1. On full extension of the chain, what length is gained from residue 148 through residue 73, given 0.36 nm per residue of separation minus the C-alpha to C-alpha distance?
2. How big is the gap, in Å, between the Cα center of region 8-73 and the Cα center of region 179-214?
3. Run the simple label-point estimate for residue 54 and residue 334 please: 7 Å along Cα→C-beta, distance reported in nm.
4. Rounded to the nearest 500 deg cm²/dmol, what is the calculated helix-only ellipticity per residue at 222 nm for the chain, with -39500 (n - 2.57) per DSSP H run of length n ≥ 4?
5. Top mean-square fluctuation among 169, 321, 267, Gaussian network model of the chain, C-alpha springs under 10 Å?
6. Cα axis of helix 315-328 to longest principal axis of the chain: angle in degrees, 0 to 90, nearest 10?
7. Where both partners of a DSSP beta bridge lie in region 137-266, what percent of those bridges are antiparallel, to the nearest 5?
8. Cα axis of helix 337-353 to longest principal axis of the chain: angle in degrees, 0 to 90, nearest 10?
């Protein structure tokens, strides 16, 4: 036990105890020998006390600021999973108090806030990271390996398709955000397409269909980019988000010269299908067989992990990278302040250039 405690270099206060923090962050940190959760903080009555008791943490605090937390001097790291509107103040306070910070997306509410925090972390010499986790999920990693191998040939296009049932489990504050749920969830798609695209993305247009339910969250948003690269030429990259769907599905599809790849983001399943050529009966059957086999086979890997509460969707990698970055005195690769700022700017590029169709 003594040896284990010596390994725990990150002494953590977890702020904001919503679903993601309690089901992803705390679990990932409890499983990682580099972390020791000193205490938890939440503004809701008894929430922090309940979580601390359930999970065996020493301290808790009820409030929405850090300055008056009596045990914060025992902490060198703060994780932020509170509502996005509170990110800027919490992250700034933590950095001013000399704490490393790992925050949930979206980074901040404005680009200026994000720029201020990046500059402050650099000035303070502290590690700042953001939870952009799906890029480290096993399905995404398998696709990245295939793309790097060159087996897809030339990439023809990349498409994200988000279907969101408005009745699914959602945070209570999402309607207070710019374009509602778009602002909370779009960072996932921006970092995924940017990671997978063969070149830089150039924004073209964004069409917004207003809600049919009287919500701030639109009924649908369609975002178009072009991607230029020497090897692939110019390809379309699109993000289609439907917030009034009867089912909730998130898919990312890469169209290659030799293969089509689909990531089922919610199920952490990766399907790769070969070019079907003349689309004959034989190749149609082959596509059906390969698609169904790969889908169901991966239910015995990702599916079992999901049912047993062990499917981390890349959060385990996030927390490992962050701890390594702190130990090395640098910012974590692919989840750095610059990454946070890049995708925050993409969010506001959409907001500022949206075309509301009616």
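Just so it is clear, none of the values below were taken in a lab; they were calculated from the coordinates. A quick note: this is a predicted structure, and the numbers were derived from the prediction, not measured. So basically every Cβ, Gly included, is an ideal-geometry build from the backbone, and we count neighbours across all protein chains shown.
1. Length gained, residue 148 through residue 73: 22.5 nm.
2. 31 Å
3. 3.0 nm
4. The per-residue figure over the chain is -11000 deg cm²/dmol.
5. 169
6. Tilt relative to the chain: about 60 degrees.
7. Working: 31 of 37 bridges.
Roughly 85 percent of the DSSP beta bridges within region 137-266 come out antiparallel.
8. Long axis of 337-353 versus the principal axis of the chain: about 60 degrees.
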